[in-house]
Amino acid sequence: MKIYNYLLNTINSRGAAYLVLLDPDKISVDRLTEFVKYCERAGVDGFLVGGSLMLNNNFELFIKKVKQSTKVPVIIFPGSVHQVSGAADAILFISVVSGRNPEHLIGKHVIAAPLIKEAGIEPIPTGYILIESGVTTTAQYMNGSLPIPRNKPEIAAATSLAAEYLGMKFIYLEAGSGAENTVPDEMVKRVSSLCSLPVIVGGGIKTPIAARQKIESGAKIIVTGNFFENENNWDMIKDFADAVHINKPMFV
């Protein structure tokens, strides 16, 4: 429970937590150390590592390089059962509760559980909910699940409550990498008001203001990913961290 408690403590002390997603297929290994250190200096609270596809087969090496470059937690955000490494601090044990595909509700988990046990990393049970974003995202395509419609916050809220009753520790509302639209603020509000679990929101968040709006709507963790694959955006990382950490003023 070490990393889970770290995230809860960060939420309590900073108002919310900010994680950056690193996709081994999309960030140059040559720039990885520089980027990770840049993020840590800017106030990022941790890193997620993973991707829906894994064309790069050096996942273990990638995790180790991230770990060597930072003191904040490195958490696997798995796109498949092959994305397990003992070099990481923890893994989001994701169940796609928004879908009806049994492989992503329990099937893959049976295969992954012994691997996680052997690796000795902390599993964090997470109810993963795909939200319609305006495009078919890689996550949606790969797991074969229909996303919850953007105009149906009550479905997302009821699904989140069911995930809480099933014993999940976090709810992850996901618009998807490269999403045209973020998870609607109204949906974040409905979910966070009905469900007592901390809500993670990711996908399509391209400005610090948008990040702050998600926090003000009830989100407790913000995740950004492909926006920072463009090095021209790196200077905005601190602005994102300041926007998420609501216990301090923005942009100071």
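Here are some notes:
- Using a cut-off of 28 Å between Cα atoms, the listed pairs LYS169/LYS206; LYS64/LYS248; LYS37/LYS214; LYS65/LYS214; LYS37/LYS248; LYS117/LYS152 include LYS64/LYS248; LYS65/LYS214; LYS117/LYS152 as exceeding that distance.
- For region 13-98, the alpha carbon convex hull comes to 109 Å³ per residue, rounded to a whole number.
- LYS2 sits among other residues whose Cβ lies under 9 Å from its own Cβ, and their net charge, with Lys and Arg +1 and Asp and Glu -1, is -2.
- Percentage relative contact order, the chain, counting C-alpha pairs under 8 Å, at least six apart: 20 percent
- Residue exposure proxy: HIS245, HIS109, ordered by other Cβ atoms within 10 angstrom of their Cβ from fewest to most, comes out as HIS109, HIS245.
Readers should treat all values here as calculations from the given coordinates under stated rules, not as data from a laboratory. Values in this document were obtained by computation on a predicted structure and should not be read as measured data. Cβ sites come from the backbone with ideal geometry, for glycine too, and all protein chains shown count toward neighbours.
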